[in-house]
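Here the structure comes first, spelled out in structure tokens, and everything after it is commentary.
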Amino acid sequence: MARFTRREFMRMMGMSAATIGVGVLTHRAFGMPQAAASMRGARPNFLFILMDDMGWMDTGVYGSEFYETPHIDRLAAMGMRFSDAYAANPLCSPTRASIMTGKYPGRLKLTAPTGHLPTDLDEPSIPEEASPQQRFLMPNSRTQLPLDEYTLAEALRDVGYHTGFIGKWHLGQEPFWPDKQGFDVNIAGGPNPGPPSYFSPYGLPNIEDGPEGEYLTDRLTDETIRYIEKHQDQPFFLCLWHFAVHSPWNAKQEDMERFYGKVDPRGEQHNPLIAGMHYNVDQNIGRILDTLDDLGIADNTVIVFTSDNGQLRTVPGEPGAPRRNTPLRGGDHVTSNAPLRGGKAQIWEGGTRVPLIVAWPGHIEAGSLSDTVVSSVDFYPTLLELAGAAPKPDQIIDGESILPVLSQTGELEREAIFCHFPHTPLAAKGPSAYVRKGDWKLIRFFELGDELYNLRDDIGETTDVAAAHPDVLADMQRLMDRFLEDTGSLIPRLNPNYRGEG
């Protein structure tokens, strides 16, 4: 495919490159877009597919030799695949908020998966006291995405896009649901962290139950296809945010049976139920790709495919303990994120490095690969730039448009990306944060100190090299300190009543 300059790329979409800016951590403002009417017909549709808990190694194109994902692999062959893409948090609600706002969860003070909890409108803070056995005072997290945030859906709707949401929201109780955050259509979006059941009756708000036994991923795909068919003649922004492959883990029998007796040559992944869930999602993505082709709108549709965080390696709970609505039990194998360390709810690479594919036939080079370090905060400015939309005056956006990467006309300007996770679920070393700059990653464990890793040489984060690289360490610490201060992130502090464990 021919490669375009950035200006040519923008002109091709009917936009003036001179009037569309880029939002970065320094909060450089966007320029004003052209009038929506002058761009109508040139702006692409957006289909944003967000998986729940799909790990970096959970598809064939990313290296799995156990899961079968031919249609996700097909999507990667249509566009650009990113090797170094990150969720802004190792858990779901914060990452979802970062996508909707372009802000880091630490700035939003929504840093834990609290979107299903009772609404708490108090400003998050650090409690004044805690148990004498707790060494640190841990910050609270916001329980909802504030309505005064100018969401990605609101910004796109304001320039003429029809906006639809289908699937998992998990960003607050009513009235903080998608229909109050810029979406014209809301199907299944509510506070649920996972579906009560993957088989109808689902027990979810904003979606009618189907025939008994209907599978949720199939149903959400049916709704997606109906939405696309209905709105094919107008620019649309559709979020298909799957519940899969989150717990309660369940798959259709025929999809599981496909993997009975299969052996992973890598010796890493071996759960046929999880493989069945991935296979079903993949088949449904194939249905959507076929629909776009059949309607003749594939070339005018930007598809983003990614995940909100990494996957668990084992089922939580006591070994052998039963779990509700799943045949899996505590301690059972879920997946392997190898060669990455850790998984969901952990600050290691397995918790936040995620698959990312962006496809737009005829505009993004088919089968291309990028090792640019990108974050979920980047989707907001990227889609706004593509649509000719703009944030409000003085709006803070932490992300940077990745359009220069997608068009292969330039590089990103920022120094680093960040993750702030001041909580303890499944985090063996306690509350933490990290900064990634180039090949370097500094992890700050608020209880234990800073560790430094070179991901080019040590993707598995096995060796702390802080002592061997004092200059790099100091630079990374400077970036971390500046980030925490700039975003106003809540930082755990020592518990004055701490008396030690036991």
Notebook entry, point to check: What is the magnitude of the charge dipole of segment 207-337 about its Cα centre, with +1 placed on the Cβ of each Lys and Arg, -1 on the Cβ of each Asp and Glu, and no other charges, expressed in debye to the nearest 20?
Noted result: 640 debye
Notebook entry, point to check: So, in nm, how far is label Glu229 from label Asp293 when the simple model puts each one 7 Å beyond its Cα toward the Cβ?
Noted result: 1.8 nm
Check: Can you give the convex hull volume of the alpha carbon atoms of segment 366-499 per residue, in Å³?
Finding: 173 Å³
Margin query: Beyond a 31 Å Cα-Cα separation, which of these cross-linked pairs lie in this structure: Lys168/Lys392; Lys109/Lys392; Lys180/Lys230; Lys252/Lys437; Lys168/Lys252?
Written below: Lys252/Lys437
Check: Rounded to the nearest 20 Debye, what is the dipole magnitude of segment 327-484 about its Cα centre when Lys and Arg each give +1 and Asp and Glu each give -1 at the C-beta?
Finding: 520 debye
Margin query: Is there a quick way to get the dipole size of the chain? I mean about its Cα centre, with the Cβ of Lys and Arg at +1 and of Asp and Glu at -1; what is the value in debye to the nearest 20?
Written below: 480 debye
Note to self: What FRET efficiency comes out for Glu413 versus Glu254 if R0 is 56 angstrom and r is the Cβ-Cβ distance? Round to the nearest 0.05.
What the structure shows: 0.70
Check: Which value at 222 nm does the chain reach when only helices count, each DSSP H run of 4 or more adding -39,500 (n - 2.57), with the total divided by all residues and rounded to the nearest 500 deg cm²/dmol?
Finding: -6500 deg cm²/dmol
Check: With the dipole of the chain worked out from charges on the C-beta (+1 for Lys and Arg, -1 for Asp and Glu) around the Cα centre, which of Leu479, Val245, Leu75 lies farthest toward the positive end?
Finding: Leu479
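Give the peptides 382-390, 202-210 in descending order of average Cβ contacts within 10 Å, highest first.
382-390, 202-210
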Check: Efficiency by 1/(1 + (r/R0)^6): what FRET value for Lys392 and Lys180, r their Cβ-Cβ distance, R0 = 25 Å, to the nearest 0.05?
Finding: 0.90
Next item on the list: Among Leu312, Gly286, Gly331, pick out the residue whose Cα is farthest towards the positive end of the charge dipole of segment 279-353, where Lys and Arg carry +1 and Asp and Glu carry -1 on C-beta, about the Cα centre.
Entry: Gly331
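Full-extension gain between Gln477 and Tyr498, please, as 0.36 nm times their residue separation minus the C-alpha to C-alpha distance.
Result for the pair: 4.9 nm of gain on full extension.
Beta carbons within 10 angstrom, averaged per residue: use that to sort the peptides 61-69, 484-492, highest first. Intermediate values should be presented prior to the final figure.
Values: 61-69: 20.9, 484-492: 17.2.
The most tightly packed comes first, giving 61-69, 484-492.
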Check: Which distance in nm do the two modelled labels at Ala468 and Asp222 give, with both placed 7 Å along the Cα-to-Cβ direction?
Finding: 5.7 nm
Next item on the list: Arrange the peptides 431-437, 95-101, 283-289 so that the one whose residues have, on average, the most other Cβ atoms within 10 Å appears first.
Entry: 95-101, 431-437, 283-289
Next item on the list: At q = 0.14, 0.16, 0.22, 0.25 Å⁻¹, what is the base-10 log of I(q)/I(0) for segment 138-216 according to the Debye formula with one equal point scatterer per Cα and no solvent? Please give it to two decimals.
Entry: -0.52, -0.65, -0.97, -1.11
Item checked: Residue order, fewest to most surrounding Cβ atoms within 10 angstrom, among Ile397, Ile187 -> Ile187, Ile397
Notebook entry, point to check: Could you give the length gained on full extension between Leu117 and Asp439, defined as 0.36 nm per residue of separation minus the Cα-Cα distance, in nm?
Noted result: 112.2 nm
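Efficiency by 1/(1 + (r/R0)^6): what FRET value for Glu318 and Asp264, r their Cβ-Cβ distance, R0 = 22 Å, to the nearest 0.05?
So the FRET efficiency works out to roughly 0.25.
Every read-out reported here was derived from the displayed coordinates using simple, explicitly stated rules and does not represent laboratory data. Everything quoted here is computed from the prediction, not taken from an experiment. Cβ sites come from the backbone with ideal geometry, for glycine too, and all protein chains shown count toward neighbours.
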